[in-house]
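Asker: Quick one: the structure is below, and I'll ask about it shortly.
The values are calculated or read from the model by the stated rules, or taken from the named source; none is laboratory data. On a predicted model such as this, the values are computed, not experimentally measured, just so you know. Cβ: placed from backbone, ideal geometry, glycine included. Neighbour counts: every protein chain shown.
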Amino acid sequence: MKGHQLQTNHNFRTRMAPVMPSLSILLGPALIVVGVLFGGGLILGILQSFGYLHVAAANHLSIQHYLNVLMDPDFLESLWLTLYIATASTLIAAGLSVAVALFLVTLAHKNRLIHFIIQIPLTVPHLVIAVAAVFMLSPTGLLSRFAMALGLINTSSQFPLLINDRWGIGIILTYVWKEIPFITVMILSVLSNTGIELLQVGQTLKANRWQRFRYITLPIIFPSLGAASLIVFAYTFGAFEVPYLLGQTYPMMLSVWAYRNYSDIDLLARPEGITTGILIAVIVSLTVLMAQVITKITRRKGIVL
């Protein structure tokens, strides 16, 4: 039986061998176009970050723009604001996602419709959510009018400032609402595969809710939760549309700060905008790499994500 299976696998590979070159030939042109466009843009951006700007007759390469950006007080203010908003959004979304996943795990295990409902917000673009947040959270928005109708406030000026505010509350609320479904789906997939049976064993052994969470649920979901949280942090750190619409003018998040410098009427400010974008890309890439490392480690240990 085993020899027959090996012979079948050998025959399958033999039949598929001529197909692989044809797939490479078909995908080759598309890969070349993507590589040239992406690679060419990346190389041009790196050259401009080092001072190469043909339209301004600046062809001397140096690291001065990196030094200017890193020592700029505005950059440091934007960096701390970006770290604060990305970290706060990730932690709040992760904590609420764990609570939602634990609440829905039994229902989701019995009814596939729960998974479908949770995934609906994933299809909505962040730009749409940002516009909806403006209509909901602004002093003249729906929540303000609802509070006035209930008599909680007398005028719209009494409504708390949630848009373009110093602490980025509107940005954080938008990211939390958008990212909770993503993290919840990741956690539910793990709990549905291995968590329910182990929780039932914990109940049989008379473990209370905290003990079941501490010694069963948390170790199971931690790899998936960590990877999903790092992905959310990477996205919120480098996203542009939400902070551009909901953020204040100063200090602004790094993505908006980079855009303002790049689109400045002074062409000599463009390299600093590109430099900021490259620094954002480096931080985001390192974060995604950490998520990939966590995923690979957990797969080697036999944990299904």
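Asker: Take segment 208-234 and flag every residue that is aromatic (Phe, Trp, Tyr) and without any contact (Cβ under 8 Å) to a residue 12 or more places away in the chain.
Answerer: Result: TRP210, PHE222.
Asker: Could you go through segment 244-259 and let me know if any residue there is aromatic (Phe, Trp, Tyr), surrounded by fewer than 20 Cβ atoms within 10 Å (Cβ to Cβ) and not in a helix (DSSP H, G or I).
Answerer: Within segment 244-259, one or more residues are aromatic (Phe, Trp, Tyr), surrounded by fewer than 20 Cβ atoms within 10 Å (Cβ to Cβ) and not in a helix (DSSP H, G or I).
Asker: Hey, among LEU76, LEU81, which residue is free of Cβ contacts under 8 Å to residues at least 12 places away in the same chain, under 30 Å from ILE46 (Cα atoms) and of a type outside the set (S, T, N, Q)?
Answerer: LEU76
Asker: Just wondering, is there one or more residues in segment 100-107 that are of a type in the set (Ser, Thr, Tyr) and at pLDDT below 70?
Answerer: yes
Asker: Out of all the residues in segment 154-168, is one or more of a type in the set (A, V, I, L, M), assigned to a helix (DSSP H, G or I) and in contact with a helix residue (DSSP H, G or I) (Cβ under 9 Å, 6 or more places away or on another chain)?
Answerer: no
Asker: Scan segment 110-128 and tell me whether some residue there is modelled with pLDDT of 85 or more and touching a Phe, Trp or Tyr at 6+ places or on another chain (Cβ under 8 Å).
Answerer: No - not one qualifying residue is present in segment 110-128.
Asker: State whether one or more residues within segment 146-154 are under 31 Å from the mean Cα position of the chain (by Cα) and modelled with pLDDT of 80 or more.
Answerer: No - not one qualifying residue is present in segment 146-154.
Asker: Hey, can you tell me all the residues within segment 260-282 that are surrounded by fewer than 18 Cβ atoms within 10 Å (Cβ to Cβ) and within 15 Å of the chain's Cα centre (by Cα)?
Answerer: Passing the criteria: ALA281, VAL282.
Asker: Here is a further query. What is the residue count in segment 141-152 for residues that are surrounded by 14 or more Cβ atoms within 10 Å (Cβ to Cβ) and assigned to a loop (DSSP other than H, G, I, E, B)?
Answerer: Count: 1.
Asker: So the check is Cβ under 7 Å with 6+ separation or different chains; which pairs have a first residue in segment 114-141 that's at positive phi and a second one that's surrounded by 12 or more Cβ atoms within 10 Å (Cβ to Cβ)?
Answerer: none
Asker: With the checklist (1) within 28 Å of LEU102 (Cα to Cα); (2) modelled with pLDDT of 80 or more in hand, flag the one item THR217 doesn't pass.
Answerer: Result: THR217 passes all but (2).
Asker: Farther than 25 Å from PHE240 by Cα, buried (at least 18 other Cβ atoms within 10 Å of the Cβ) and in contact (Cβ under 8 Å) with a residue 60 or more places away in the chain: does that describe ALA101?
Answerer: Taking the combined requirement at face value, the residue satisfies it.
Asker: Then there's this: Regarding THR90, is this residue at pLDDT 75 or above, assigned to a helix (DSSP H, G or I) and either not assigned by TED's automatic domain parsing to the domain that holds MET253 or not aromatic (Phe, Trp, Tyr) (or both)?
Answerer: In short, yes.
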